[in-house]
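Asker: My questions will all concern the structure given below.
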Number of protein chains: 2
Amino acid sequence: MPLPQTEMPGRLQAHFAERGIRMTQQRRAILSVIETATKHLDAAQILRKAQKIDPSVDRSTVYRTLGLLKRQGLIDELDLMHINGEGHYYERKLDRDHIHMACLRCGKIAEFVSDSFEKLKQQVEKDCRFRVLVSRLEMGGYCASCRGSQ
Amino acid sequence: MPLPQTEMPGRLQAHFAERGIRMTQQRRAILSVIETATKHLDAAQILRKAQKIDPSVDRSTVYRTLGLLKRQGLIDELDLMHINGEGHYYERKLDRDHIHMACLRCGKIAEFVSDSFEKLKQQVEKDCRFRVLVSRLEMGGYCASCRGSQ
DNA sequence: TCCAATTTGCAACTGAGTTGCAAGTAGGAG
DNA sequence: CTCCTACTTGCAACTCAGTTGCAAATTGGA
């Protein structure tokens, strides 16, 4: 689902170059895994996929790179309602935030883009005088298919 | 902030009685800590406070009781944007959900109740045919005071 | 009062993420 | 192209949150 056909691959790499952040073989592997992901990946999955490109990639490098990407505002960190353990999931940050819905029964993750969400953020900025940098809206419940077959 | 003057203390205990859930000294201590909390507590803080009431309370009992409360839909689990480590925070679930805003500079947590949030949930239920049981909206950014003094 | 079912404390464990450090590397200056 | 420094890496050991198996203790209804 985080598969934006409108986005060029290599955008993360480009961002690194622009900001003068050093590019390494390991980072290239990790960035390309994140850029080509077709579903939400956790750190362990990113590690495994990155090692297929460059076997030398270490767990700590994955965490350090994820930290860097977070600080640069290039990825979002998700919990997905802790449907599978305590870990986190990552996805490229796009122009528009979206809601994540996790089915507590089948584990499926759905995404939903809503104008109301954008408006809600604007309302918070105005009413609470709070500058919103990151936001995360997750819902847990039952998806259409699981709702019926209870 | 999770301090609802309109709510009777003992409501969690009452819920346990209604559903025939066994009441123990340890659970009583833990529930009263949660019910009288004036700010968001993590598991370690709940443990310490509960031990002041009943020193026999163990860490594992706290986690087991928190799990029970979650399953009963009596508390919400929060991340508060991981402003202090990886742990979770807990608060009693009230009739209306609210947004949590975490200041990335001073660490202050603010809460905000918004009709738009309720509407957004309804929109998801309708448009996505998704039954929402729990929802969590957290924002990270800068609060009014920190925004000025950057 | 008794007793089965539930709950507890304990201690050992898991799994995610972090850290200090010596060795390796990127990439700009010359 | 070569050199050099600041940055980055792998490793291994660690922290911290949360979990689990089990024998002993407790609850609350019969």
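The values are calculated or read from the model by the stated rules, or taken from the named source; none is laboratory data. Since this is a predicted model, take the numbers as computed values, not measurements. No Cβ is skipped: glycine too gets one built from the backbone with ideal geometry, and neighbour counts run over all protein chains shown.
Asker: I need a count of the residues in region A:17-43 that are over 29 Å from A:ILE83 (Cα atoms) and of a type outside the set (Asp, Glu).
Answerer: 10
Asker: Which of the residues belonging to region B:98-115 are in contact (Cβ under 8 Å) with a residue 40 or more places away in the chain, under 13 Å from the mean Cα position of the chain (by Cα) and more than 10 Å from chain A (Cβ to nearest Cβ)?
Answerer: Hit for region B:98-115 is B:ILE109, nothing else.
Asker: Tally time: how many residues in region B:98-115 are buried (at least 18 other Cβ atoms within 10 Å of the Cβ) and under 16 Å from B:HIS40 (Cα atoms)?
Answerer: The number of residues fulfilling the criteria is 7.
Asker: Additional query: Any residue at all in region B:72-81 that's over 13 Å from the mean Cα position of the chain (by Cα), at pLDDT below 95 and of a type in the set (A, V, I, L, M, F, W, C)?
Answerer: Yes, that holds for at least one residue.
Asker: Given A:GLU118, A:GLU125, which one is within 21 Å of the chain's Cα centre (by Cα), surrounded by fewer than 20 Cβ atoms within 10 Å (Cβ to Cβ) and more than 7 Å from chain B (Cβ to nearest Cβ)?
Answerer: On inspection, the qualifying residue turns out to be A:GLU118.
Asker: Give B:ARG59, B:ARG64 a once-over and let me know the one that is in contact with a Leu (Cβ under 6 Å, 6 or more places away or on another chain), more than 8 Å from every other protein chain (Cβ to nearest Cβ) and closer than 23 Å to B:ARG22 by Cβ.
Answerer: Within the list B:ARG59, B:ARG64, the selection yields B:ARG59.
Asker: Let me confirm something: among A:LEU69, A:LEU47, A:LEU133, which residue is touching a residue at least 12 places away in the same chain (Cβ under 8 Å) and within 14 Å of the chain's Cα centre (by Cα)?
Answerer: A:LEU69
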